[in-house]
Amino acid sequence: MPESSFDLEDCLRRVREHDEHAARDLMGEFYPFVLKMVRAHLPHRSSEEDLCQMIFIKIFNNIDQYSGKVPLEHWISRIAINTCLNQIKAEKIRPELRLADLSEGETRVVETLAATRDDLPSSESSSAKELVHRLLGQLKPQDRLILNLLHIEERTIEEIKAITGWNTALVKVRAFRARQKMKALYTQLAKNPTQL
């Protein structure tokens with residue numbers, strides 16, 4: 001986020017005038033924010049650096065469309081998330097996950113959860129987190145996005161509306177359906193570990 005010594009209005013004015021120094025300043029100021037967004041929504045086969053560069057290119061190419069009616073962070077986050085979603089679609093993620101694709105720890109998590117209703121031992125939390133991310137990777141980009149924003153980043157419905165442009169009802173319905181799909185994927189893996 002911008003620091004108090006950073007003059008955002010002046011920088012934006014100069015970026016619109018194609019001032020390269022101002023573009024570097026803006027990029028330097030918002031790079032950590034964009035990188036955080038990319039890491040939260042990174043497609044499996046993409047480089048963080050490449051996606052960040054792609055996002056900043058889109059920001060600079062569309063800077064005249066920024067009206068200032070919403071905080072710049074909201075406008076940038078929408079570009080970042082849409083870029084990541086488009087990249088996920090472009091990669092055409094492999095449609096199935098096999099038990100053989102899982103790490104040893106992830107396999108133990110699936111087998112433990114399939115065999116008992118007890119909580120996982122704390123030693124398996126890292127493997128459980130990896131498994132959740134693998135299962136998320138099997139969802140459609142919009143389902144993955146809503147679960148990530150709501151449950152991993154713990155964003156509010158209002159924040160999700162600002163980031164995605166969706167209305168409240170759509171956010172809630174997509175979240176419900178995405179959770180059901182995630183549950184079905186896990187159940188399928190637990191019952192038939194050879195294929196997901």
- Is it the case that the stretch 54-65 has a residue that's farther than 26 Å from R144 by Cβ and of a type in the set (A, V, I, L, M, F, W, C)? yes
- Task: Go through the residues of the stretch 184-196 one by one and say whether even a single one is on the phi > 0 side of the Ramachandran plot and out of contact with any Lys or Arg (no Cβ under 9 Å at 6 or more places or on another chain).
- Result: no
- Among the candidates L35, L42, residue that is surrounded by 13 or more Cβ atoms within 10 Å (Cβ to Cβ), part of a helix (DSSP H, G or I), free of Cβ contacts under 8 Å to residues at least 60 places away in the same chain and not basic (K, R): L35
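Any read-out appearing in this document is the output of simple, stated calculations on the displayed coordinates, not a laboratory observation. All figures in this text were calculated on a predicted structure; none of them were measured in a lab. Every residue, glycine as well, gets a Cβ built from its backbone with ideal geometry; the counts of neighbours run over all protein chains shown.
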